[in-house]
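Below: the structure, in structure tokens.
The values are calculated or read from the model by the stated rules, or taken from the named source; none is laboratory data. This is a predicted model, so every value here is computed, not measured. Neighbour counts are summed over all protein chains in view; Cβ atoms, including those assigned to glycine, are modelled from backbone coordinates with ideal geometry. For accessibility, only protein heavy atoms count, side chains too; no ligands or nucleic acids. Shrake-Rupley method; radii C 1.70, N 1.55, O 1.52, S 1.80 Å.
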Amino acid sequence: MTAADVVVVGAGMTGVACAYYAARAGLTVTVVDRGGVASGTTGAGEGNILVSDKPPGPELDLARRSAELWRELGDAVGGARFELEHKGGLVVAASPAEDAALRAFAAGQRAAGVEAYEVAADELSDHEPHLATDLAGGVHYPQDMQVQPMLAAAHLLRAAGVTVLTGTRVVGLPRDAAGAIRGVQTDRGLLPTRAVVNAAGVWAAEVAALAGAHLPILPRRGFVLVTEPLPALIRHKVYAADYVANVGRSSTDLQVSPVVEGTRAGTVLIGSTRERVGFDPAFSLPALRGLAAGAVRLFPVLGAVSAIRAYRGFRPYSPDHLPTIGADPRAPGLHHAAGHEGAGIGLAPATGEAVAALLTGRPPRTDLRPFAPERHDVHL
């Protein structure tokens, strides 16, 4: 097979972003995926591009830079092609105590540069006319966006102009006598290269292990309900305030927190659940019932609406809830871009930009020290 400057393992949104920015930096790139483009976590996501759910810190910094880059990608590639919507987010509280905690959380985000505007209970209907009338208040986040993730991955990959090998499994990462990676061995042959980006999502730990590196990335199952097509009912991405807490929990048990949004096709997407059950593909009726109940709690009008389908996927979960991004000192030539859990769509551009900088010997715009691969060794 033809040599490339870099081989990206994984054709989900994060791998696509790494390939896109590496190609823009002048590198020749080959993308390899065991399935198809966006056939894993990306294809099972809602397309969240959020700053609203992240506390001040390294992940929020990454999210803010990614939001800037998503807007640039919308202009450069054509956001209408992949349904990039600057719809904003509305986080709502069910009780006065929850509302007070939400406002305190938003104040910290504002200090970190996020646009966050408090909304009184009697003003919620101005933002969302069909919301339940007994909510205690909310916060509006105009920087939140949504994208159709499969379309985005496909169009950005085409714009990158890179080689794509789907249905191709990585089975080895050969090294030279000095221990540096010199290729990617696949079930279809050897891809010579001196740089590998591990963007394999829920399978990133398996890819890292081929190089003798430890990554504690595990699958975390989630479901989404889809309604019948409806007239426009929901203007923003709307979710309950406890969603943020659920994202940050490490429990293996089922967690359900309603996230409700409309699509251009007229359907309403209802998430989100989280549970660690390995790669169990079974559909969970308790999870789906919880989603439906949570959505109706926020939008009573949905009680008379039919759900036409449900789908599930597996998020790449990391125990410290931070992605792993950067060069791996344990395997020279190996770079990681994985473990973003449910934030991968939103965080992909800044991740790709940073990895491309490393690949070309430039300092990344984002501080990658909190995401360093070697941080996982201290927990062994």
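Within the stretch 100-156, being part of a helix (DSSP H, G or I), without any contact (Cβ under 8 Å) to a residue 12 or more places away in the chain and of a type in the set (S, T, N, Q) holds for one residue alone: Ser125. Selection of the stretch 158-184 for residues being among the charged types (D, E, K, R) and over 17 Å from Gly201 (Cβ atoms) yields Arg158, Arg175, Asp176, Arg182. When the stretch 58-87 is limited to residues that are touching a Pro at 6+ places or on another chain (Cβ under 9 Å) and surrounded by fewer than 16 Cβ atoms within 10 Å (Cβ to Cβ), the one that is nearest to Pro149 (Cα to Cα) turns out to be His86. Given the criteria of a type outside the set (A, V, I, L, M), assigned to a helix (DSSP H, G or I) and touching a Ser or Thr at 6+ places or on another chain (Cβ under 9 Å), does Arg65 qualify? It is true that Arg65 is of a type outside the set (A, V, I, L, M), assigned to a helix (DSSP H, G or I) and touching a Ser or Thr at 6+ places or on another chain (Cβ under 9 Å).
Here the condition is being aliphatic (A, V, I, L, M), assigned to a strand (DSSP E or B) and at pLDDT 90 or above; of Leu191, Leu215, Leu230, it holds for Leu191 alone.
Filtered by the rule that a residue be more than 12 Å from the chain's Cα centre (by Cα) and surrounded by fewer than 22 Cβ atoms within 10 Å (Cβ to Cβ), the stretch 38-53 gives a lone residue, Ser39.
Counted as qualifying within the stretch 266-379 are the strands (runs of 3 or more DSSP E) with 3 or more residues that are on the phi < 0 side of the Ramachandran plot and crowded, with 22+ Cβ neighbours inside 10 Å, namely 268-274, 307-317, 334-338.
Applying the condition of being of a type in the set (A, V, I, L, M, F, W, C) and open to solvent by less than 10 Å² (accessible area, probe 1.4 Å) to the stretch 142-157 and asking which residue is nearest to Tyr20 (Cα to Cα) yields Leu156.
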